[in-house]
Amino acid sequence: MNCKIPIIDYLLHNKAYRMRKQKGFPGWDSKEDTEKSIREMEELFAMISLPKQATVLDLGCGAGNLSFWLESKGYEVYAADVAAEAIDWARDEANKRGSSVRFTVSDASGTMPYANESFHLIMDNHALHCIIGKDRAGYLQNIYKYLKPGTHYIVSTMSYEGDGNDAPPGFDPHSRCIVRGKVATRYLGTAKSILTEIASAGFSILHNRVERDNEGNAELFVIAQKPHIN
Ligand SMILES: C[S@@+](CC[C@H](N)C(=O)[O-])C[C@H]1O[C@@H](n2cnc3c(N)ncnc32)[C@H](O)[C@@H]1O
């Protein structure tokens, strides 16, 4: 992966959250798309076994809708997002629900406030495609570091197989990023290249499949496993 777009600005997500709140969305996505994400995650979770009271991390949690779903399954839930607007929104909602999810503002490609091997599972619903350039390696290294041996990283991420002709607006074929103004907002690797990145961070790929979303964009679903200790 070689993204040469110079500007990365993860904090632009704050503005996006303000707009989504004004539109009456429950978080990043509409109610329907949030429910669809939960159904997709249910399917992936059914393919692994987790301890009943597993400690799980929702990475790039946004306004926390999937974090609350994880909590409803009985897990101890931590959740992190780079956008303070999203975490404020999630905490407000947590107060209303009496939720104990521990929400944190944190850039997942940098140092995070977790001890090594903290989690039985890290779930990433649509955050990986927000991570640009060399930050992607740091992001995946964090996931590896914070997972216990033998446990899983579950991710749903945009991918794109083409060379640009049928690409989403703003796609730069050189970097494979979607560029708004001068800012690279999304990285659209091929499914194969994304699987290679995840494997290069030390994971085994247990499951992967590509599906089309409502707008015809490709979505890659992956279950990756950190090796057991020998
Ligand atoms: C497409 S949204 C999905 C939000 C949430 N997972 C959901 O399903 O509603 C992607 C999220 O990733 C977050 N994000 C982007 N870059 C990040 C980073 N470097 N560290 C942590 N979170 C990040 C964004 O702020 C945004 O909330």
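A few remarks follow.
- Qualifying residue in region 20-37 (condition: within 27 Å of Ile132 (Cβ to Cβ), open to solvent by less than 20 Å² (accessible area, probe 1.4 Å), in contact with a strand residue (DSSP E or B) (Cβ under 7 Å, 6 or more places away or on another chain) and not basic (Lys, Arg)): yes
- Verdict on Leu121 being crowded, with 24+ Cβ neighbours inside 10 Å and of a type outside the set (S, T, N, Q): no
- The set of residues from region 58-91 being more than 9 Å from the ligand (Cβ to nearest atom), open to solvent by 10 Å² or more (accessible area, probe 1.4 Å) and touching a strand residue (DSSP E or B) at 6+ places or on another chain (Cβ under 6 Å) comprises Glu71, Tyr75, Glu76, Tyr78, Ala84, Arg91.
- Scanning region 134-175 for residues that are more than 29 Å from Glu71 (Cβ to Cβ) and open to solvent by 10 Å² or more (accessible area, probe 1.4 Å) yields a total of 17.
- Selection from region 92-118 of residues that are open to solvent by 50 Å² or more (accessible area, probe 1.4 Å) and either touching a residue at least 60 places away in the same chain (Cβ under 8 Å) or more than 14 Å from the ligand (Cβ to nearest atom) (or both): Asp92, Asn95, Lys96, Arg97, Gly98, Ser100, Arg102, Asp107, Ala115, Asn116, Glu117
- Those strands (runs of 3 or more DSSP E) lying entirely in region 139-200 with at least 1 residues within 27 Å of Ser106 (Cα to Cα), among the charged types (D, E, K, R) and touching a His at 6+ places or on another chain (Cβ under 8 Å): 147-159, 183-187
- Selection status of Thr55, modelled with pLDDT of 95 or more and touching a strand residue (DSSP E or B) at 6+ places or on another chain (Cβ under 9 Å): yes
- Within region 124-133, the only residue that satisfies the criterion of being touching a helix residue (DSSP H, G or I) at 6+ places or on another chain (Cβ under 7 Å) and either polar (S, T, N, Q) or open to solvent by 40 Å² or more (accessible area, probe 1.4 Å) (or both) is Asn125.
- The listed residue being within 13 Å of the ligand (Cβ to nearest atom), in contact with a strand residue (DSSP E or B) (Cβ under 9 Å, 6 or more places away or on another chain) and of a type in the set (A, V, I, L, M), out of Ile48, Ile8: Ile8
- All conditions but one from (1) more than 11 Å from the ligand (Cβ to nearest atom); (2) out of contact with any Phe, Trp or Tyr (no Cβ under 7 Å at 6 or more places or on another chain) apply to Ile122; the one that does not is (2).
The values are calculated or read from the model by the stated rules, or taken from the named source; none is laboratory data. Please read all numbers here as calculations on a predicted model, not as lab measurements. Every residue, glycine as well, gets a Cβ built from its backbone with ideal geometry; the counts of neighbours run over all protein chains shown. Surface areas here come from the heavy atoms of the whole protein model, side chains and all, with no ligands, DNA or RNA. Shrake-Rupley method; radii C 1.70, N 1.55, O 1.52, S 1.80 Å.
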